[in-house]
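Note sheet for the following structure.
The values are calculated or read from the model by the stated rules, or taken from the named source; none is laboratory data. Keep in mind that what you see is a predicted model, and the values were worked out from it rather than measured. Neighbour counts run over all protein chains shown; Cβ positions are idealised from the backbone, glycine included. For accessibility, only protein heavy atoms count, side chains too; no ligands or nucleic acids. Shrake-Rupley method; radii C 1.70, N 1.55, O 1.52, S 1.80 Å.
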Amino acid sequence: MRLYAGTVALVLGIETSCDETAAAVVDEEFHIHSSVVESSINLHRAFGGVVPELAGRAHVATIAPVVRRALEDAGLDSSAPALTGIAVTSGPGLIGSLLVGLSTAKALALAWDLPFVGVNHLEGHLFAPLLETNELAWPVMTLLVSGGHSLIVLQRGPGQHEVLGETIDDAAGEAYDKVARWLGLAYPGGPEIDRLAQEGSPDALTLPVSMIGEDFDLSFSGLKTAVVRATQLRPDVAVADVAASFQGALCEQLLRKLRQALERYEVEGVALAGGVAANSMLRGGVRQLAREFGLVAHLPTLAMCTDNAAMIAAAGLYRLATSGPSELDLSARPNWRLAEVS
Ligand code: KG4
Ligand code: ZN
């Protein structure tokens with residue numbers, strides 16, 4: 001996808017919304033010139049979840065070296081890089097974390113006299129599949145599931161999205177992490193439960209598949225509570241069986257809702273995005289739905305599913321070309337919803 005005419009546009013992306021400090025350089029055709037991701041996850045493991053203050057402090061320590069490495073990996077002069085602009089996640093996310101990336105981006109934009117643009121983190125996730133394939137089969141139905149968010153989004157083109165449904169309580173990844181913690185598994189719990197589920201029986205526990213009506217909203221907190229109750233009543237059930245039963249119920253809800261959306265809206269492609277898109281059962285289910293509905297399945301690699309700055313640079317390239325740069329007094333928006341992005 002070409003966004004600019006003339007010289008090749010090159011954007012530095014910066015991402016610090018949660019526990020990843022990331023910087024990347026991407027060009028207007030969405031080729032990744034460099035992508036650096038440093039995670040502070042080891043600091044949070046003992047607490048079973050991200051501790052905002054620790055995450056913020058880690059960003060302060062890491063951001064400058066990460067940006068420098070991204071510029072050098074891209075073959076750019078890190079003191080005066082030949083860039084077209086700077087894109088940074090300005091929301092949603094942890095306020096203390098967002099402010100580190102946003103302040104860094106503004107300082108660099110001022111120093112290098114470059115336009116900068118604040119990007120919605122969720123819109124960034126929607127651009128991730130475009131970094132691995134030349135074109136998506138538009139319109140695309142996307143299931144965006146991460147530790148902080150769970151949405152079903154109809155995308156008519158890059159940057160043209162309609163949120164059909166969202167979680168009304170926990171995010172899918174949050175449910176994975178909370179159940180894993182209950183089971184005494186390491187943080188983050190998603191990959192652990194996914195691995196254990198391969199060895200367990202999904203029929204070991206009968207768990208509810210919350211469908212909350214005909215619309216596309218999602219809900220996971222009831223399932224989480226049901227797992228706690230079921231394991232209290234039957235402490236003899238093996239952890240692998242609990243993992244398989246939980247994963248089966250959670251993925252069934254996601255896949256049923258996605259199926260309903262595919263039945264309602266005519267699309268050419270179906271995509272997964274966000275950290276939970278790494279899940280084996282979900283990937284298999286989306287491939288199956290794509291076969292059934294005759295659609296192209298866009299399943300980004302793990303590195304593109306989880307938080308990174310290349311996806312922020314890609315969304316930033318689009319936003320710079322279509323909406324123009326942000327003002328230097330732009331604020332961080334910790335609760336910025338995708339539905340509010342236009
Ligand atoms: O997108 P992401 O890296 O960060 C957020 O923006 O939230 O997603 C992280 C989430 C965590 O909750 C983690 O447990 C979950 O993605 N996750 C998985 C798997 N791999 C990561 N959940 C289920 N199955 C997996 N294989
Ligand atoms: Zn994310």
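Considering region 132-152 alone, what residues qualify as being open to solvent by less than 40 Å² (accessible area, probe 1.4 Å) and at pLDDT below 95?
If the condition is that a residue be open to solvent by less than 40 Å² (accessible area, probe 1.4 Å) and at pLDDT below 95, then LEU136, ALA137, SER146 are the ones that fit.
Output the helices (runs of 4 or more DSSP H) that fall wholly within region 241-322 and possess 1 or more residues being closer than 23 Å to ASN120 by Cα and within 16 Å of ligand 2 (Cβ to nearest atom), or say none. Give the steps one after another, and end with the answer.
Numbers: elements: 280-293, 302-305, 310-322.
Here the list reads 302-305, 310-322.
Give the residue, chosen from LEU83, LEU131, that is away from ligand 1 (no atom under 16 Å from the Cβ) and over 22 Å from GLY294 (Cα atoms).
Working: LEU131 fails: away from ligand 1 (no atom under 16 Å from the Cβ).
When all the criteria are applied, what remains is LEU83.
Could you list, in sequence order, the residues of region 153-169 that are out of contact with any strand residue (DSSP E or B) (no Cβ under 7 Å at 6 or more places or on another chain) and either within 10 Å of ligand 1 (Cβ to nearest atom) or open to solvent by less than 10 Å² (accessible area, probe 1.4 Å) (or both)?
Once the filter is applied, which keeps residues that are out of contact with any strand residue (DSSP E or B) (no Cβ under 7 Å at 6 or more places or on another chain) and either within 10 Å of ligand 1 (Cβ to nearest atom) or open to solvent by less than 10 Å² (accessible area, probe 1.4 Å) (or both), region 153-169 yields only GLY157.
In region 170-181, how many residues are within 9 Å of ligand 1 (Cβ to nearest atom) and open to solvent by less than 20 Å² (accessible area, probe 1.4 Å)?
The first filter runs over region 170-181 and keeps only residues within 9 Å of ligand 1 (Cβ to nearest atom), leaving 171-177, 180.
Checking the rest, the ones that are also open to solvent by less than 20 Å² (accessible area, probe 1.4 Å) come to 171-173, 175-176, 180.
Residues meeting the conditions: 6.
Could you please tell me which pairs satisfy a Cβ distance under 8 Å, a separation of 6+ or placement on different chains, a first residue in region 111-124 that is charged (D, E, K, R), and a second residue that is within 12 Å of ligand 1 (Cβ to nearest atom)?
Within 8 Å, no pair qualifies.
Can you tell me which residues in region 228-265 are in contact with a Gly (Cβ under 7 Å, 6 or more places away or on another chain), under 26 Å from VAL163 (Cα atoms) and open to solvent by less than 10 Å² (accessible area, probe 1.4 Å)?
CYS251, LYS257
May I ask you to list pairs of residues, at least six apart or on different chains, whose Cβ atoms are under 6 Å apart, with the first in region 171-182 being closer than 16 Å to PRO92 by Cβ and the second being part of a helix (DSSP H, G or I) and away from ligand 2 (no atom under 12 Å from the Cβ)?
So the pair list comes out as GLY173/GLY190.
Could you list all residues from region 49-62 that are open to solvent by 10 Å² or more (accessible area, probe 1.4 Å), touching a residue at least 24 places away in the same chain (Cβ under 8 Å) and under 21 Å from VAL25 (Cα atoms)?
VAL60, THR62
Considering only residues that are in a loop (DSSP other than H, G, I, E, B) and charged (D, E, K, R), look in region 198-227 and name the one that is surrounded by the fewest Cβ atoms within 10 Å (Cβ to Cβ). Reasoning before the result, please.
Of the residues in region 198-227, the ones in a loop (DSSP other than H, G, I, E, B) are 198-217, 219-220.
Narrowing further to those that are charged (D, E, K, R): 199, 203, 214-215, 217.
Numbers: GLU199: 12, ASP203: 10, GLU214: 8, ASP215: 13, ASP217: 19.
The selected residue is GLU214.
Could you list all residues from region 102-119 that are within 16 Å of ALA313 (Cβ to Cβ) and open to solvent by 40 Å² or more (accessible area, probe 1.4 Å)? Step through it out loud before you land on a result.
If we filter region 102-119 for residues that are within 16 Å of ALA313 (Cβ to Cβ), which is where we start, we get 102, 104-105, 108-109, 112, 114-119.
Once the filter is applied, which keeps residues that are within 16 Å of ALA313 (Cβ to Cβ) and open to solvent by 40 Å² or more (accessible area, probe 1.4 Å), region 102-119 yields TRP112, PRO115.
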